[in-house]
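The values are calculated or read from the model by the stated rules, or taken from the named source; none is laboratory data. Note that this is a predicted model, so its numbers are computed, not measured. Positions of Cβ are backbone-derived with ideal geometry, glycine not excepted, and every protein chain shown enters the neighbour counts. Ligands, DNA and RNA are stripped out before the accessible areas are found, and what is left, the full protein with its side chains, is counted by its heavy atoms. Shrake-Rupley method; radii C 1.70, N 1.55, O 1.52, S 1.80 Å.
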Amino acid sequence: MTDNAQAGPPPAASPESSAPAPATGVPYDAVVLAGGGARRLGGADKPGVQVGGRALLDRVLDACADAATTVVVADPRATVRPVRWAREEPPGAGPVAALDAGLRVSTAEYAVVLSADLPFLGADTVHRLLAALRDGDADGAMLTDDDGRDQPLVAAYRTASLRGALADLATEHTEQAKHTEHAEHAEPTEHRGLTGLPLRRLTAALRLTRLTDPLASFDCDTWEDIAHARARIREHGHVLNEWITAVKNELGIELDVDTRVLLDAARDVAHGVARPAAPLTTFLIGYAAAQGKGDAASIAEASAKVADLAIRWEAEHNGGGSAPDAG
């Protein structure tokens, strides 16, 4: 395993110091597995595939942005925010070995374990998993898909339980390899420890709470899945928020924008002044907010001023501001 604190652009503080407090009040680390071979995608760089203008890996990193530490198990690459890097030994040893490598960097009581191909995962789902784990006595809380199948890479676990299960599984697998190494169809000697094991062998040893969420658990294994995700994001009910998020990531902006305030101001300007004035005005609102504190309140204040100006402008145009008749 390698542990590298290298982070993708833009440069920022370390993950530990920059992460906001989790909304659930449950401190956690995130382990994201992003080093698979993507055979069903023809060996494409699946974590880097764009969905809604953002790489799949970046979408997952946004969903767990309030983790105390985020560990990505893969070769280092550019990412939307700072992360730490780890790698299973040997590379390509499978998801259980990758999870073990990532968990060795974690120090929190809870670990959220995610794959890097979840286009619809959001922070709300991560927090729901953590809340279910915190409020119960299970070893983990995982999502199931629409068909009721377990999704162990969309889950929250008690780190101590996960480490214990991994250690027991490594010992068991190594002993099995020793007992069969002289057999005719012996398992190769390198298939010891956690190499090549399926995740179901690990989760079978844990007490789990299951939550159903067909959308958040949707993962992209094929190009058909990618096409479906891209089409859904462009649906009317999703496209605006997706576009705003993509623009903020592209420009390196970390600001919660109330789009309704800006759209209302743009509507008032388009109606009361002229349509081409609307996009120019929203640019000026943003510039004015940046000249102030640069926060959401500054945007709201500038938007309110512009909306009031647009009303006065229209009233003047309609004669509402004309001088009174001479008596």
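Note on segment 57-103: Rg/Rh from Cα positions, Kirkwood definition for Rh, rounded to two decimals, is 0.97. Taking Cα centroids, how far is segment 102-165 from segment 240-254 in Å? What the calculation gives is 27 Å, centre to centre.
Surface composition of segment 31-99: carbon plus sulfur atoms hold 50% of the accessible area, using a 1.4 angstrom probe and ignoring ligands, DNA and RNA. Qualifying GluC sites (Glu not before Pro) in segment 208-304, where qualification requires a DSSP coil assignment and no more than 15 other C-beta atoms within 10 Å, comprise Glu235, Glu254. Here the extension length gained between Ala270 and Thr171 equals 28.8 nm, from 0.36 nm per residue of separation less the Cα-Cα distance.
Which percent of the Cα-Cα distances in segment 260-304 go past 14 Å? Pairs farther apart than 14 Å: 42 percent.
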